[in-house]
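See structure below.
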Amino acid sequence: MSQRRSGTVQAVSEARKEAVIRADEDGADVLASYAELSGSDGDRPTMQVGERVTYTREEKLQGPIARDIRASV
């Protein structure tokens, strides 16, 4: 099982339903799709610049992506 990581949302594209998360651990940028957001209230989840999140990181050919994204409490 992958270790959960934390980071801060740096940029958001509502049109593409994507965001960029800057990882706390190494400062790397990680691509985050809205489809990977875990929403607990049933509303359509979004991300906002400056929001703190946790996620698991998966390495892909085009670069790292975030999976199972959750708002940090």
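The values are calculated or read from the model by the stated rules, or taken from the named source; none is laboratory data. Just so it is clear, the structure is predicted and the values come from calculations on it, not from any experiment. Note: ideal-geometry Cβ built from the backbone for every residue, glycine included; neighbour counts use all protein chains shown.
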- Output for Cβ contacts, cut-off 7 Å, separation at least six or different chains, first residue within 13 Å of S6 (Cα to Cα) in region 45-73, second among the aromatic types (F, W, Y), reads A66/Y55; R67/Y55; D68/Y55; I69/Y55
- Task: At least 2 residues that are modelled with pLDDT of 90 or more and hydroxyl-bearing (S, T, Y) in each: list the strands (runs of 3 or more DSSP E) lying fully within the chain that qualify.
- Result: 4-13, 52-60
